[in-house]
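Asker: Quick one: this structure, given as structure tokens, is what I'll be asking you about.
No value in this document is a laboratory result; all are computed from the given coordinates. All of these numbers come straight from a predicted model, not from anything done at the bench. Here the Cβ positions follow ideal geometry from the backbone for every residue, glycine too, while neighbour counts run over all protein chains shown.
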């Protein structure tokens, strides 16, 4: 079985300051990990993904995440927040195992607020 | 452009009615999913299908039904047995089980 925990339901930062959204996971296998962003009343858009290649993954819009197996973490960061980054962010894990509903497991989301 | 199309964007249902949400993809993906999203609860899996003419219940299938007669289409019916259907519904597809998912823009269903 696999699970994802997003450690903060809400994060508030000032525009131009760094962003850190935290995610811990558990998986019985070597997982793939994803971060998605969702703007209000929209679908989810992939920000970045880790699939057992480089542990530091760069995504769109200046976001990046580092896979740390020893800490079972996959935290999302951005050096400088923009107002347009305000959205809901989801951490997702997959262990690629079929035969059940465990294909993708979603965290409960972190709401990112950007203060002007 | 390839993608997933959900329709309608907004849907209103009277109590006791069945309604069907459409999901079409032209990505040639095998697996398709329906999720329900409620505030503060993330995404919960309703049904999924790995291949045409086959589908499986997810975590919250009660009150919902699906069909997968074509690879491109995975409609979701919200039946009158679903007691609290007001939510945002998202359809997704993946090229292989458990890999990166592509999402539609969602349908917001409201019971009136």
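Conditions (1) touching a strand residue (DSSP E or B) at 6+ places or on another chain (Cβ under 6 Å); (2) over 22 Å from residue A:81 (Cβ atoms); (3) buried (at least 19 other Cβ atoms within 10 Å of the Cβ), marked per residue:
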| site | (1), (2), (3) |
| --- | --- |
| A:20 | yes, no, no |
| A:26 | yes, yes, no |
| A:29 | no, yes, no |
| A:32 | yes, yes, yes |
| A:37 | yes, no, yes |
| A:47 | yes, no, yes |
| A:52 | no, yes, no |
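Asker: Would you be able to say whether some residue in the stretch A:19-28 is within 12 Å of chain B (Cβ to nearest Cβ), more than 15 Å from residue B:42 (Cβ to Cβ) and in contact (Cβ under 8 Å) with a residue 24 or more places away in the chain? Steps first, answer last, please.
Answerer: If we filter the stretch A:19-28 for residues that are within 12 Å of chain B (Cβ to nearest Cβ), which is where we start, we get A:27.
Then drop every residue that is not more than 15 Å from residue B:42 (Cβ to Cβ), which leaves A:27.
Next, only the ones that are in contact (Cβ under 8 Å) with a residue 24 or more places away in the chain stay: A:27.
Taking every residue of the stretch A:19-28 in turn, at least one turns out to be within 12 Å of chain B (Cβ to nearest Cβ), more than 15 Å from residue B:42 (Cβ to Cβ) and in contact (Cβ under 8 Å) with a residue 24 or more places away in the chain.
Asker: Still on this structure: Based on this model, can you work out whether residue B:17 counts as away from chain A (no Cβ under 13 Å) and crowded, with 21+ Cβ neighbours inside 10 Å?
Answerer: Answer is no for this residue.
Asker: With the checklist (1) crowded, with 20+ Cβ neighbours inside 10 Å; (2) in contact (Cβ under 8 Å) with a residue 24 or more places away in the chain; (3) within 13 Å of chain B (Cβ to nearest Cβ) in hand, flag the one item residue A:57 doesn't pass.
Answerer: (2)
Asker: Which of the numbered conditions does residue A:64 fail, given that it passes all the others? Conditions: (1) touching a residue at least 24 places away in the same chain (Cβ under 8 Å); (2) more than 14 Å from chain B (Cβ to nearest Cβ).
Answerer: Residue A:64 satisfies every listed condition except (1).
Asker: Given A:111, A:10, A:75, which one is within 14 Å of chain B (Cβ to nearest Cβ), touching a residue at least 24 places away in the same chain (Cβ under 8 Å) and over 30 Å from residue B:57 (Cβ atoms)?
Answerer: A:10
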